[in-house]
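Worksheet for the structure shown next.
Bear in mind that the values in this text are calculations on the coordinates, not laboratory data. This is a predicted model, so every value here is computed, not measured. Using ideal geometry, Cβ is built from the backbone for each residue, glycine included, and neighbour counts are taken over all protein chains shown.
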Amino acid sequence: MQASTTGTEPLKNLEEWDDFVASRYKPGKSESEFRNYNADANPTVTEFYRQNHAHQTLDYVLHKKAEYGKLNRGKKSIWEAAEYLNTLVDESDPDTDLSQIEHLLQTSEAIRKDGHPRWMVLTGFIHDLGKVLCLYGEPQWGVVGDTFPVGCAYSDQIVFPEFFEANPDSKVPQFQTKYGIYEPNCGLDKVHLSWGHDEYIYDVTRNYVPEPAQYMLRYHSFYPAHKHGAYRHLMNDHDAEMFEWVKKFNPYDLYSKGAEKPKLKELKPYYDELFAEFFPDKIAW
């Protein structure tokens, strides 16, 4: 997948971030191994997080939520959005010949194979469609990356926490307390996470999919919380209950890439019916 041409883009393609996340949460890998980061081991990912942590301020997040919350980028069907995402594919990339639609199908088909509800199969297909933000000219650090709350102290469970020293919010005392601008156990719906494809696809689809799917879409990159238990002081009991679904979804997000190429022509009738079950012909983006 090509990156946006806006600014300095350290990743050759956005899948470098996906692969990095999958490798650091490899089954059987101990917590001590995960926390043992070497900034030189993967310089492109390291530079990506340096930019991400420096620029994801509360003001930036609020601005982007207001901008994209208008859903004024036109109306598209789910297939049209997926085909639009396909235009990000870098044909010069020697590491993959899979289109973005095929990557989405790998996730949803793995969920389907394991007998999960139809809404969860749907979630597997749509969860990365928010990466079309790159096609709107957004920089990589505003599209992918682990998400985290802004407006309060940064957890040491966030990858490369030392890079937050360059974030202007780190110099604002109110933003560097445990609760910051929030109330204890206020609920994640009242918390602003760093901006990216998770929040965008949640916003686009939230009126059409059930609540567990909304949580999967909105928080699938919130690794400090669903992998390390950080920020429980901001979550309420309902968040904790719903995060069981996020945890259930996570392995399919990380490990569904396989050698078998999905047969789109054969699968399309099933997905036509699935999309029609939850969505009108076109939705606002």
Would you look at the GNM of the chain, springs on alpha carbons closer than 10 Å, and say which of 272, 19, 146 moves the most?
-> 272
Ranked by how many other beta carbons lie within 10 Å on average, peptides 42-49, 112-119, 262-269, 147-154 from highest | 147-154, 42-49, 112-119, 262-269
Towards the positive end of the charge dipole of the chain, with charges on Cβ (+1 Lys, Arg; -1 Asp, Glu), say which of 63, 123, 280 has the farthest Cα.
-> 280
Calculate the dipole size of the chain relative to its Cα centre from +1 charges on Lys and Arg beta carbons and -1 charges on Asp and Glu beta carbons; express the result in debye to the nearest 20.
-> 480 debye
Segment residue 268-residue 135, length gained on full extension (0.36 nm per residue, minus Cα span) | 45.4 nm
Work out how far the C-alpha atoms of the stretch 234-285 reach from end to end along every principal axis, then list the three figures in whole Å, largest first.
-> 44, 33, 19
Mind checking which of 177, 107, 57 has the largest fluctuation in a GNM of the chain, springs on alpha carbons under 10 Å?
-> 177
If you work out volume of the Cα convex hull per residue in Å³ from the coordinates, which of (i) 131; (ii) 182; (iii) 144 do you get?
-> (i)
